Amino acid sequence: MNDELPESLPAETGEDVVSRCHVVVGLDCTEASERALHYAFGLATRLAAQLVVVHVRHTWVTYDGYGPQGVIDDGGLDEQMRHQITRLSAECGVDSTYVDAAGSGRTALVIAQVAEKYRADAVVVGASTTMLHRAAGSIGSQLIKHCGCPVTVVP
């Protein structure tokens, strides 16, 4: 896997990313990440911070007995997310940036790299609910190891 960020990740506002407070939130359209998004908007509102919403999406190739059959990409969630983020930004009066890190590596490392790039004051993610994450380590627990700022895991 490639653990490097895509080059298209600079701050979209053009301002110096160091000059203001930032809250980074990971979003994947699970119920837990939806709760994390709402919590992060509240936190950003209280801190007068910019919210950086990170969606790490992955592409899978399906195979049959003869070779590759097709590609599955969860990119269809993209427009839904952007619409929800825009609506919540307007409702909360929070400036937000959307980072689409398509197929760029392990989710926790990508979120940690975005947090480092924006010099985030906090990272918020939803609690993992799958047995695999519980056995192999959740995104939240991986972030705690790799982030240089506080990590909040929203149940």
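Where a number appears in this text, it was derived from the coordinates with a stated rule and is not lab data. These numbers were taken from a predicted model, which means no experiment stands behind them. Methodologically, a virtual Cβ is constructed for each residue, glycine included, from the backbone with ideal geometry; neighbour enumeration extends over all protein chains shown.
Amide H contacts for residue 21 (H built 1.01 Å from N in the peptide plane; partners 5 or more residues away or on another chain; cut-off under 5 Å): 50. Karplus-derived 3J(HN,Hα) values for the stretch 38-45, using 6.51 cos²θ - 1.76 cosθ + 1.60 with θ = phi - 60°, are 5, 4, 5, 4, x, 5, 4, 5 Hz; glycine and proline are entered as x. Would you please give the FRET efficiency between residue 106 and residue 82, computed as 1/(1 + (r/R0)^6) with r the Cβ-Cβ distance and R0 = 30 Å, to the nearest 0.05? Once the sixth-power term is evaluated, E becomes 0.80.
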